[in-house]
């Protein structure tokens, strides 16, 4: 969320046209108004629930937000970073008949004002069933570890790469800060071989926090003129 760039109501993932109705809001928004500033607003069939004030801080950081609607039970819940922040009962208790208009990412199509969200949005997912709280938490925790909603991407981004005078290589990557996490560092001399067949240098590198560094040991560059590396979470 960009600092000081989201006044009032800013759509994250919203539509206003369900079941051929207009101004029938569904979805998630970042709201920054009055005493209830900096909170998550989620809506089912126009009725909204809000997280407590200042649960979404416009500090340039990332948040995982989710909304769950159970049409069988008539329940509506919202989550921030895997934790339930508001819920309501007695909401719409039936299936959606049709979506008659678009869903907007980073925008709310209402009220003639500027409801654009200022910030970055990534890894949006939709389900055809109501997720449980534990399932929402698992998705959030997977994201911390670099696994996307589709369950793929166990390969981590190497952010720094240094070849030292002794022939060793220093690698640094973005990592999962949880203390029970470890990584395998793989290498190869070409990109044609599938990553699954690359040999590992070390398959038990313990996380160093939000970033982890690893040294291959002296003389490693003697393995070939072209070296490629991959970090994979165990």
Against the conditions (1) assigned to a loop (DSSP other than H, G, I, E, B); (2) without any contact (Cβ under 8 Å) to a residue 24 or more places away in the chain; (3) closer than 25 Å to residue 84 by Cβ, where does residue 134 fall short? Just the number, please. (1)
Is one or more of the residues making up region 140-157 touching a strand residue (DSSP E or B) at 6+ places or on another chain (Cβ under 8 Å) and in a strand (DSSP E or B)? yes
Quick one: in region 39-53, which of the residues that are modelled with pLDDT of 90 or more and outside any strand (DSSP E or B) is nearest to residue 123 (Cα to Cα)? 51
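When the residues of region 173-194 are filtered to those that are within 20 Å of residue 141 (Cα to Cα) and touching a helix residue (DSSP H, G or I) at 6+ places or on another chain (Cβ under 9 Å), which remaining residue is surrounded by the most Cβ atoms within 10 Å (Cβ to Cβ)? Spell out the reasoning first.
If we filter region 173-194 for residues that are within 20 Å of residue 141 (Cα to Cα), which is where we start, we get 173-184.
Adding the requirement that they be touching a helix residue (DSSP H, G or I) at 6+ places or on another chain (Cβ under 9 Å) leaves 176-178.
On the way: 176: 22, 177: 13, 178: 11.
Within region 173-194, the match that is surrounded by the most Cβ atoms within 10 Å (Cβ to Cβ) is 176.
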Residue ID - surrounded by the fewest Cβ atoms within 10 Å (Cβ to Cβ), chosen from residues in region 54-69 that are touching a strand residue (DSSP E or B) at 6+ places or on another chain (Cβ under 9 Å) and part of a loop (DSSP other than H, G, I, E, B): 54
Matching entry among 170, 160 (being touching a residue at least 12 places away in the same chain (Cβ under 8 Å), in a strand (DSSP E or B) and exposed (fewer than 11 other Cβ atoms within 10 Å of the Cβ)): 160
Exactly one of (1) modelled with pLDDT of 85 or more; (2) closer than 25 Å to residue 95 by Cα; (3) in contact with a strand residue (DSSP E or B) (Cβ under 9 Å, 6 or more places away or on another chain) is unmet by residue 72. Its number? (3)
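Please determine, by comparing only the residues of region 104-119 that are under 20 Å from the mean Cα position of the chain (by Cα) and surrounded by fewer than 16 Cβ atoms within 10 Å (Cβ to Cβ), which one is modelled with the lowest pLDDT. Break it down into steps so the answer makes sense when it comes.
Taking region 104-119 first, the residues under 20 Å from the mean Cα position of the chain (by Cα) are 104-107, 116-119.
In the following step, the residues that additionally are surrounded by fewer than 16 Cβ atoms within 10 Å (Cβ to Cβ) were identified as 105, 116.
Numbers: 105: 94, 116: 86.
Taking the candidates together, the pick is 116.
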Considering region 195-227, residues that are part of a loop (DSSP other than H, G, I, E, B) and touching a residue at least 40 places away in the same chain (Cβ under 8 Å), and then whichever is surrounded by the most Cβ atoms within 10 Å (Cβ to Cβ), we arrive at 216
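The values are calculated or read from the model by the stated rules, or taken from the named source; none is laboratory data. Predicted model only: the values in this text are computed from it and were never measured. Please note: Cβ atoms are built from the backbone with ideal geometry, for glycine as well, and neighbour counts cover all protein chains shown.
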